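Trainee: I have a structure I would like to understand better, so I am pasting it below and will then ask my questions one at a time.
The values are calculated or read from the model by the stated rules, or taken from the named source; none is laboratory data. For clarity, every value in this text was computed on a predicted model and none was experimentally measured. Ideal geometry is used to build each Cβ from the backbone, glycine not excepted, and the neighbour counts take in all protein chains shown. Ligands, DNA and RNA are stripped out before the accessible areas are found, and what is left, the full protein with its side chains, is counted by its heavy atoms. Shrake-Rupley method; radii C 1.70, N 1.55, O 1.52, S 1.80 Å.
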Amino acid sequence: MTESEIVGTPAGDARITWHPAPGRARVVLAVSHGAGGGVGARDLQALAAGLPVAGVTVALVEQPWRVAGKKIAPAPKTLDTAWRGLWPALEEKGLPIIAGGRSAGARVACRTARELGARAVLALSFPLHPPGKPEKSRADELLGAGVPVLVVQGGNDPFGRPEEFPDGAYELIAVDAADHGLSMPKRAALTQQEALGNVVDGVRRWITALV
């Protein structure tokens, strides 16, 4: 049974929707959304549905700007402030915390992981660069996370295809043919459901090896 709570932060009220593991959980996976969507994203929902049975409590985090009904995300500094502010609510479970998010949410997790004591970072559709501007790389955020990182990246992501990522101390799962939203084209070798199932399985194996 899911539970939602409002958490006050210096950037406004955030919302955490808990998807608890049945029985005894081993870890909390806290994941937030990107700048263009919410926690209803297909990959976030797939993780929330598939990981609890593996002993992972999933916390879907809505940034204050989404809770307030705004359509445009604030500056990265404000996103980081909100993430720091809600972190104590995650720690109340008394479990190791894997920080994560998709797109802009992945950047937040990478930038704050070390200072907050995250066990690791799950970066879904990490925006390595703005579309069409590979020279404006954000690789320093990814490489500077300071904790184990798993990147899940679509093969046709305009924000950075898997082969564009630099060498570094992180793992990467490539989702062939998927776009930035991990949406599969109709003629892809895998269906949407199969692709998401592979993502959930890969994340589960990675978490199991960590904790």
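Trainee: If you go through region 125-181, how many residues are closer than 19 Å to Val108 by Cβ and among the charged types (D, E, K, R)?
Mentor: Of the residues in region 125-181, 5 are closer than 19 Å to Val108 by Cβ and among the charged types (D, E, K, R).
Trainee: To continue, here is another question. Residues in region 1-28 that are touching a residue at least 60 places away in the same chain (Cβ under 8 Å) and outside any strand (DSSP E or B): how many?
Mentor: Result for region 1-28: 4.
Trainee: A further question follows. Take the residues of region 112-128 that are assigned to a loop (DSSP other than H, G, I, E, B) and in contact with a helix residue (DSSP H, G or I) (Cβ under 8 Å, 6 or more places away or on another chain): which is most open to solvent (accessible area, probe 1.4 Å)?
Mentor: Arg119
Trainee: Further question: Among the residues of region 131-175, which ones are part of a loop (DSSP other than H, G, I, E, B), among the charged types (D, E, K, R) and touching a helix residue (DSSP H, G or I) at 6+ places or on another chain (Cβ under 8 Å)?
Mentor: Arg138
Trainee: Hey, could you check region 176-201 for residues that are in a loop (DSSP other than H, G, I, E, B) and among the hydrophobic types (A, V, I, L, M, F, W, C) and say which is surrounded by the fewest Cβ atoms within 10 Å (Cβ to Cβ)?
Mentor: This residue is Ala189.
Trainee: List pairs: first in region 117-128 and touching a residue at least 40 places away in the same chain (Cβ under 8 Å) and of a type in the set (S, T, N, Q), second assigned to a strand (DSSP E or B) and open to solvent by 10 Å² or more (accessible area, probe 1.4 Å), Cβ under 8 Å, 6+ apart or cross-chain?
Mentor: Ser125/Arg102
Trainee: Out of Leu44, Leu79, Leu90, which single residue is buried (at least 20 other Cβ atoms within 10 Å of the Cβ) and in contact with a His (Cβ under 8 Å, 6 or more places away or on another chain)?
Mentor: Leu44
Trainee: Sort out which residues of region 100-152 are small (Gly, Ala, Ser), more than 20 Å from Arg42 (Cβ to Cβ) and touching a strand residue (DSSP E or B) at 6+ places or on another chain (Cβ under 8 Å), and write them in order of number.
Mentor: Ala113, Gly117, Ala118, Ala120, Ala145
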